[in-house]
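Asks: Structure in structure tokens, see below.
The values are calculated or read from the model by the stated rules, or taken from the named source; none is laboratory data. Because the structure is a prediction, the values reported are computed rather than measured. No Cβ is skipped: glycine too gets one built from the backbone with ideal geometry, and neighbour counts run over all protein chains shown. SASA here: full protein model, heavy atoms, side chains in, ligands and nucleic acids out. Shrake-Rupley method; radii C 1.70, N 1.55, O 1.52, S 1.80 Å.
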Amino acid sequence: MTPETQPQSGNSTQKMPLAYRLYGLFCILLGIYTLFAVVVFAALMTWALQTDPSMIVVGSDLTLPVVLLVISYAITFFDGIALVFFGRMLRKGSRRNAARISHVLIATSVAQVLFRLMLQGVDLSLVPDAIQLFLLIAVSVTVDPTLKEERALKRHVRDMVEREAAEEGMLGRDYEGRGYIELNFFNLFWVFVVCCVLGLVIETVYHFVVVVPGEIQDRAGLLFGPFSPIYGFGAVLMTVALNRFYKANPAIIFVVSAVIGGLFEAATSLFMEFGFGAVAWDYSGSTIFGLFPDPIAVIFGGRTSTLFMCMWGVLGFVWIKLCLPWMLKLINLIPWKVRYSFTALCAVLMLVNGVMTLEALDCWFERLSGIPQTTPVERFYAEHYDDAYMAHRFESMTITPDDSARVDGAGRADATEVDESLIERDADETFEDVA
């Protein structure tokens, strides 16, 4: 037995704080309950599909919600298993293994939130997921003292290296030479922010010059500010994927950029349509030089196209060869002494912007679905961000509830109408019986 593993046996449990052990017990119980709930759900869904599918789907499309539910509950089942192991590691005092499993649970928790958004929208059911995600992040950071010491040492070394790099004009570069830019939160966050703005400017100009000459359309993707997040996330993906390719063959850079950009564009379109019935772009009917249908547009249902994949390829090449060095110089204008505190503040503001955008879109979706706005949050968005405001803010977006995969939207208004018609019919029958 090595010295490293020895503390994990014997009296290791006494060294683990009581709060961690209690949380570990909670995770074990939660994991067992999750596994039991998934098994029961699978049995009920199988029975419902065989007897009356309308019992589990209120929308017009049966296949899509069921597929999303199956994927979601498969992730939940895996999450339940991981919770049991995670809780056991906390109870046993195996700190490093607990920290590793917590990273897996963070990923599954984020995936669960995304699927819940697509199926149910923004509601109170997200609160437990958010609390669990916060606790997992806190545990992953603090559970292993050795990791904490390692991070403190890395921060100290980082400060020393950054001082030297700032003096040499190399601040933000990959110190090991494996890529052009250092892939840390600071650099990637500001890549995201700047490209949100640049992407919005490019798309607005493209619409003004090419799509509808002379028309200025608001192409923003967030509730506040001149931001189009699809370009920000796209730039982050491009940076992460192409960072090692900045010296590669231009053809390789073009192909990698085209594939990543096209798949990301299609995935974003799917998420918006499934979650909110929203269509912000549609390339259906695109052709290749007007000769034959665009095969990429056909395969992806108009969510991306050959032209735009090529545009992503060109943008990726220009980005990694020309823009990223310029971007790094722009980012480094932020004084290194305040860069992390200022970045943390801006990240919080951007997170609030994103959350409020999702809530506003969800309330807009519900209003168009005929769902009464009863909660204080729904009334707030109905008053301050009504249909007219949202239609003007997101001019390029159309919301069609029947196209979503939601189980609380497209069919609820129809179900309400059905219930009312049944009540009226029963009342008529009762009146006839009395007569």
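Asks: Within segment 286-311, which residues have the backbone N less than 15 Å from the label spot 7 Å out from V255 along Cα→beta-carbon, could you tell me?
Replies: 310
Asks: How would segment 243-374 be classified by its alpha-carbon gyration tensor: rounded, prolate or oblate, with rounded meaning a/c under 1.5 and the a/b versus b/c comparison settling the rest?
Replies: oblate
Asks: Just to be sure I understand the model, the point goes 7 Å from the Cα along the line to the Cβ. What's the resulting D129 to F342 distance in nm?
Replies: About 3.5 nm separates the two model spin labels.
Asks: What is segment 191-318 by shape, rounded, prolate or oblate, if you read a ≥ b ≥ c off the alpha carbon gyration tensor as root eigenvalues and call it rounded for a/c under 1.5, prolate for a/b larger than b/c, and oblate otherwise?
Replies: It comes out rounded by the Cα gyration axes.
Asks: Something else about it: Scan around T287 for amide H atoms under 5 Å from its own, H built in the peptide plane at 1.01 Å from N, and keep only partners 5 or more places away or cross-chain.
Replies: Distant-sequence amide H within range of T287: D294.
Asks: Pull up all non-local amide H partners of I181: gap of 5 or more, or a different chain, and H-to-H distance under 5 Å with H placed in the peptide plane.
Replies: HN-HN under 5 Å from I181: D174.
Asks: Using a simple spin-label model with points 7 Å from Cα along the Cα→Cβ vector, what separation in nm is obtained for L349 and T287?
Replies: Inter-label distance under the simple model: 4.8 nm.
Asks: Then there's this: Return the FRET efficiency for the residue pair V377, D402: r is the Cβ-Cβ distance, R0 is 25 Å, and the value is rounded to the nearest 0.05.
Replies: Taking R0 as 25 Å, the efficiency between V377 and D402 is 0.55.
Asks: What's the extension gain from Y246 to D387 if we count 0.36 nm per residue and subtract their Cα-Cα distance?
Replies: 46.2 nm
Asks: Quick one: ranking D402, D79 by accessible area, 1.4 Å probe, largest first, what do you get?
Replies: Putting D402, D79 in descending order of accessible area: D402, D79.
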